[in-house]
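Peer 1: Take a look at the following structure, please.
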Amino acid sequence: MTGTKKILFGLTTTHGSDWRDKVEEIKELNLTELALFPTMLNLSERQELYALLEMTPLVSVPYVHLRDDFTEAEIDLFINKYKTKVFSCHADQLGFNLLNRLPKYNSLIYIENPNDQKNYTAFNIPSFTQHQVTGVCLDLAHYTAIKADNKKLSAQVDELIKKFPIGVNHVSGFKASVALKLFKSGQASHVIHSLAELDYLKDLPANYFAKFVCVELENSFLEQREIIQYLELILEDKLK
């Protein structure tokens, strides 16, 4: 933790992340708090994950990324058992359907900025106003990739942020290469091999960092511990 903001370990469930192994790491490292990304898990897999988490030292999950099929009971579980303060979903029709289906939680659910340019048609002020969106889940690598590749869309994000608060951040890697520059200036990555892949964060405004800064990486928790230490070092002034 730095200042009033927290950098959280992230339990991801994307294809390169062994979420069952990560649960064992929670025990080994005696982790009591983390962010949860059950993005790729269906309901039965999520139920298995919840049962496994019961057998860990985990007591706090400040942030959870929601799938469109999440139930009211699941959200209540996190609020009541793990003190969850912030949720998010994607800026697409499935995400907005979730808001419409569970309106009692709208004040807790923030909309994530997309990685794919075609999905920005729903990430704008009129769409947020129509669906009574509370605020933005700002994925900082997504934002950096769009800013490098499409100034008009990044300006659209900037305008949205002026009107809607940032409730939570995702932090992953950002990679640029000579080959990529033939098509785009760089891309977000859910696994990093060098801490330098996080240096893009140095150039972002301090007000783009929320209270909860969540590591969204497939890297092990042992590696994430080093990553968080590095983030605290390079972001010291931004996280006060």
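Peer 1: Filter the range 28-55 down to the residues that are small (Gly, Ala, Ser) and either surrounded by fewer than 17 Cβ atoms within 10 Å (Cβ to Cβ) or part of a loop (DSSP other than H, G, I, E, B) (or both) and list them by number.
Peer 2: We begin by selecting, within the range 28-55, every residue small (Gly, Ala, Ser); these are 35, 44, 51.
Passing the criteria: 44, 51.
Peer 1: Residues that are within 25 Å of residue 239 (Cβ to Cβ) and acidic (Asp, Glu): which helices (runs of 4 or more DSSP H) entirely in the range 85-184 hold 2 or more of them?
Peer 2: Result: 151-163.
Peer 1: Among residues belonging to the range 56-74 that are aliphatic (A, V, I, L, M) and either free of Cβ contacts under 8 Å to residues at least 24 places away in the same chain or outside any loop (DSSP other than H, G, I, E, B) (or both), point out the one that is nearest to residue 10 (Cα to Cα).
Peer 2: 64
Peer 1: A further question on this structure: Mind checking whether some residue in the range 37-50 is at pLDDT below 95 and under 23 Å from residue 224 (Cβ atoms)?
Peer 2: The answer is yes; a qualifying residue exists.
Peer 1: If you take the residues in the range 145-160 that are crowded, with 18+ Cβ neighbours inside 10 Å and over 15 Å from residue 186 (Cβ atoms), which one is farthest from the chain's Cα centre (by Cα)?
Peer 2: Of everything passing the filter in the range 145-160, 160 is farthest from the chain's Cα centre (by Cα).
Peer 1: Moving on. Taking the range 1-27 on its own, how many of its residues are closer than 24 Å to residue 69 by Cα and part of a strand (DSSP E or B)?
Peer 2: Looking only at that region, the number is 3.
So that you can scan it fast, the table gives a plain yes or no per residue for (1) within 19 Å of residue 92 (Cα to Cα); (2) touching a Phe, Trp or Tyr at 6+ places or on another chain (Cβ under 9 Å); (3) surrounded by fewer than 18 Cβ atoms within 10 Å (Cβ to Cβ):
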{"position": "117", "(1), (2), (3)": "yes, no, yes"}
{"position": "123", "(1), (2), (3)": "yes, no, no"}
{"position": "130", "(1), (2), (3)": "yes, yes, yes"}
{"position": "133", "(1), (2), (3)": "yes, yes, no"}
{"position": "137", "(1), (2), (3)": "yes, yes, no"}
{"position": "143", "(1), (2), (3)": "yes, yes, no"}
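Peer 1: While we're here: Considering only the range 185-225, state which residues are more than 17 Å from the chain's Cα centre (by Cα), farther than 25 Å from residue 110 by Cβ, assigned to a loop (DSSP other than H, G, I, E, B) and at pLDDT 95 or above.
Peer 2: Once the filter is applied, which keeps residues that are more than 17 Å from the chain's Cα centre (by Cα), farther than 25 Å from residue 110 by Cβ, assigned to a loop (DSSP other than H, G, I, E, B) and at pLDDT 95 or above, the range 185-225 yields 193, 194.
Peer 1: Hey, another quick one. Taking the condition of being surrounded by 12 or more Cβ atoms within 10 Å (Cβ to Cβ), more than 19 Å from the chain's Cα centre (by Cα) and not hydrophobic (A, V, I, L, M, F, W, C), how many residues in the range 58-78 meet it?
Peer 2: Matching residues across the range 58-78 total 2.
The values are calculated or read from the model by the stated rules, or taken from the named source; none is laboratory data. Everything numeric here is computed off the predicted structure, so don't read it as measured data. Note that each Cβ is placed from the backbone with ideal geometry, even for glycine, and that neighbours are counted across all protein chains shown.
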